[in-house]
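To start, the structure itself, in structure tokens.
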């Protein structure tokens with residue numbers, strides 16, 4: 001099957017990033033969200049990021065305008081009836097994703113492929129709530145999507161070879177590097193990354209170091225591009241907690257227990273950069289540690 005039209009459910013950070021790279025890749029994109037305000041913000045953000053690429057000389061102005069013109073927005077998944085591939089990029093909660101796929105099963109053509117951008121949830125389990133588990137797989141883009149080179153591809157127990165091969169060809173056409181993962185909790189990247197972030201939060205929780213000292217230690221001591229607590233803020237502390245809970249529930253190992261301090265920050269609504277406050281306060285000119 002050849003992919004020409006791509007639907008994306010969710011116009012948040014991940015959805016708009018996927019729309020961006022897919023449109024630049026030459027595909028017609030339909031971006032759906034229940035909030036028209038979020039959709040308008042997404043288009044503005046995509047336009048701005050493409051304009052920055054033009055300024056850097058990595059995208060022509062002609063390609064910028066053509067890619068933006070390929071993106072259509074809608075507030076109903078009924079507009080996905082003629083799509084070849086639909087990628088779900090809603091909140092990292094299984095119930096929300098299952099609801100999306102149940103609706104899509106009633107709308108999509110029988111030959112259309114469904115993919116989820118989940119960073120941790122079982123592909124096999126999500127596929128089982130659809131009418132086409134053989135045409136379902138995980139397609140985990142990294143954040144920020146336009147800058148990060150990797151996409152994890154994960155097949156469920158029922159995913160057929162033609163589906164997987166079509167998805168692989170599509171991802172490669174976007175200029176991305178592929179890592180194939182088995183369907184285990186959090187796959188490869190987050191299975192390694194999230195426990196490190198969680199341990200950094202434990203180090204803060206136990207008073208071993210401050211936010212500033214922990215991040216500085218990893219940046220200058222391990223050559224990480226940013227510290228683990230700042231990275232957690234960029235990912236979203238609610239997303240970090242959701243992934244740790246998937247790991248803890250799925251693998252039943254105490255080393256994956258979410259740090260109580262992470263739970264407290266999420267309960268307080270301090271979810272990171274997207275809300276202006278997490279392990280850093282972003283409301284001023286410069287980020288300031290909150291502990």
Could you line up 105, 120, 45 from fewest to most neighbouring Cβ atoms inside 10 Å? 105, 45, 120
Expressed in angstrom and rounded, the centroid-to-centroid distance over alpha carbons for the range 9-70 and the range 165-192 is 22 Å
Computed label-point distance, nm, for sites residue 37 and residue 128 using a 7 Å Cα→Cβ extension: 3.8 nm
Give me the tail of P(r) for the chain as a percent: Cα-Cα pairs with distance above 37 Å. 15 percent
Kirkwood Rh over alpha-carbon pairs of the range 1-141, then Stokes-Einstein at 25 °C and 0.890 mPa s: what D in µm² s⁻¹, rounded to an integer? 161 µm²/s
If eta is 0.890 mPa s and T is 25 °C, what Stokes-Einstein diffusion coefficient results for the range 171-224, Kirkwood Rh from Cα pairs, in µm²/s? 182 µm²/s
For the range 5-181 the mean separation of alpha carbon contacts under 8 Å (6+ apart) over residue count, i.e. relative contact order in percent, is 21 percent
For 140, 223, ascending order of other Cβ atoms within 10 Å (fewest first) is 223, 140
In whole percent, what relative contact order does the range 189-289 give with Cα contacts below 8 Å and a gap of six or more residues? 26 percent
Show that you can apply the helix-only estimate: for the chain, add -39,500 (n - 2.57) for every DSSP H stretch of four or more residues, divide by all residues, and state [θ] at 222 nm to the nearest 500. -14500 deg cm²/dmol
Among 177, 116, 30, which comes first, then next, by fewest other beta-carbon atoms within 10 Å? 177, 30, 116
Evaluated at q = 0.16 Å⁻¹: base-10 log I(q)/I(0), Debye formula over Cα of the range 94-236: -0.88
Based on a Kirkwood Rh over C-alpha pairs, give the Stokes-Einstein translational diffusion coefficient of the range 189-289 at 10 °C and viscosity 1.306 mPa s in µm²/s. 117 µm²/s
Stretched out fully, how many nm does the piece from residue 263 to residue 173 gain, at 0.36 nm a residue minus the Cα gap? 28.5 nm
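Just so you know, all these numbers are worked out from the coordinates, no wet-lab data involved. These numbers come from a predicted model, not from an experiment. Heads up, the Cβs are rebuilt from the backbone with ideal geometry, glycines too, and the neighbour counts pull from every protein chain shown.
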